[in-house]
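The values are calculated or read from the model by the stated rules, or taken from the named source; none is laboratory data. These numbers come from a predicted model, not from an experiment. Heads up, the Cβs are rebuilt from the backbone with ideal geometry, glycines too, and the neighbour counts pull from every protein chain shown.
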Amino acid sequence: MFKRNPRSYLRIVTEFFYPRGGWYRASRYVIHRLRRLPDPADRISRGIAAGVFVTFSPLFGLHFVTAVLISWAIRGNMLAAILATFVGNPLTFPIIAGISLKTGAVILGHPAQEVRLHQVVEAFARASGDIWHNFLAVFTERTANWTGLDLFLDRVFLPYLVGGIVPGLIAAITAFYLSRPVLTAYQKRRVKQIRKRYEKRLAAQAKRKTETRK
């Protein structure tokens with residue numbers, strides 16, 4: 001009777017696009033967890049920068065792992081990096097994907113084209129289907145076809161990967177320099193509050209001891 005009912009796949013997908021309690025509550029929770037991390041503000045900010053940078057990459061499904069590796073390399077807080085990947089969510093994904101793809105197209109010299117969210121999602125879905133089809137072709141009589149994957153890598157994945165570096169770095173540096181002073185101020189205020197409570201407790205104990213002696 002005390003066991004929690006497992007969530008259905010539909011519920012998981014629904015909460016990915018609209019978390020329980022709404023996006024405002026989810027963002028407040030992430031900010032609260034970041035502020036309460038037991039690490040210096042500088043390390044937490046480096047972790048946040050790593051997580052924000054990763055959200056501009058097309059490595060979907062590997063954002064957590066990539067954020068942790070980058071955070072480890074720059075000596076940031078790894079949990080902060082994971083929490084900061086929240087920046088890449090269904091609300092911001094159209095903006096991030098559009099900026100990354102357009103920037104990549106310019107860098108690689110591809111013709112400029114209008115980028116729509118559903119087209120990006122469909123491209124990744126088709127690529128996943130092609131990979132699965134070609135994998136099964138190894139064990140069955142199916143014929144492997146890499147044409148679609150070649151087109152996907154050339155027109156979607158590579159521009160997204162290359163184009164996400166510059167805006168990702170800009171967003172990461174901005175996140176670092178914005179979060180560090182805020183976290184520093186919060187940690188100093190929290191230390192003062194803890195010290196006041198501790199001193200108040202000591203004063204109360206001293207008062208009780210004085211009263212018992214009388």
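For the range 164-214, what are the residues that are in a loop (DSSP other than H, G, I, E, B) and surrounded by 10 or more Cβ atoms within 10 Å (Cβ to Cβ)? Walk me through how you get there before you give the answer.
Filtering the range 164-214 for residues in a loop (DSSP other than H, G, I, E, B) gives 164, 214.
Scanning the range 164-214 gives a single hit, GLY164.
Got a sec? Which of ALA73, ALA144 is among the hydrophobic types (A, V, I, L, M, F, W, C) and at pLDDT 85 or above?
Working: ALA144 fails: at pLDDT 85 or above.
Within the list ALA73, ALA144, the selection yields ALA73.
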- Note on the structure: Those residues of the range 57-116 that are of a type in the set (Phe, Trp, Tyr) and touching an Asp or Glu at 6+ places or on another chain (Cβ under 9 Å) come to a total of 0
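Considering only residues that are in contact (Cβ under 8 Å) with a residue 40 or more places away in the chain and buried (at least 21 other Cβ atoms within 10 Å of the Cβ), look in the range 64-85 and name the one that is farthest from PRO38 (Cα to Cα). Full working, then the answer.
Quick first cut of the range 64-85, residues in contact (Cβ under 8 Å) with a residue 40 or more places away in the chain only: 77, 79-80, 83-84.
Filter once more, so that each one left must be buried (at least 21 other Cβ atoms within 10 Å of the Cβ): 77, 80, 83-84.
On the way: ASN77: 9, ALA80: 11, LEU83: 14, ALA84: 16 Å.
The selected residue is ALA84.
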- Note on the structure: Inside the range 8-62, the number of residues satisfying the requirement of being closer than 27 Å to VAL166 by Cα and modelled with pLDDT of 85 or more is 20
